[in-house]
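Every number in this text was worked out from the coordinates using simple rules, so none of it is lab data. The structure presented is a predicted model; accordingly, all values stated were derived computationally and were not measured.
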Amino acid sequence: MIAVNYVYPAVFTKEADGSYCVYVPDLPGCVTEASGYAEGIEKIRDGICGMLHIMNRDNMPIPAATEPAAVEREEGDVVALVDANREGLLNSVLPLCNA
């Protein structure tokens, strides 16, 4: 299988309690909460992989990533590019999806 890499912008919004809400605008429903940027990137990467797996399984088109500068965000939000490797997701996430 050929490895396919995807890169999507993720938006980090700082909450009142100091945690972050992290979401991917191009993948509706791909959202998580994290205590910091490193944890947020790790968790949203897992979310991206899971969403891409489901979309691929259901023969849905994979959306193109929005250019980071074009991502709508509120003042204070931070946009980070997050990569997801489809081969890695198939090796690690697929067994969880079949459970």
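General observations
- Computed log10 I(q)/I(0) for the stretch 1-85 at 0.15, 0.16 Å⁻¹: -0.52, -0.59, from the Debye equation with unit scatterers placed on every C-alpha and solvent omitted.
- Segment residue 72-residue 37, length gained on full extension (0.36 nm per residue, minus Cα span): 10.7 nm
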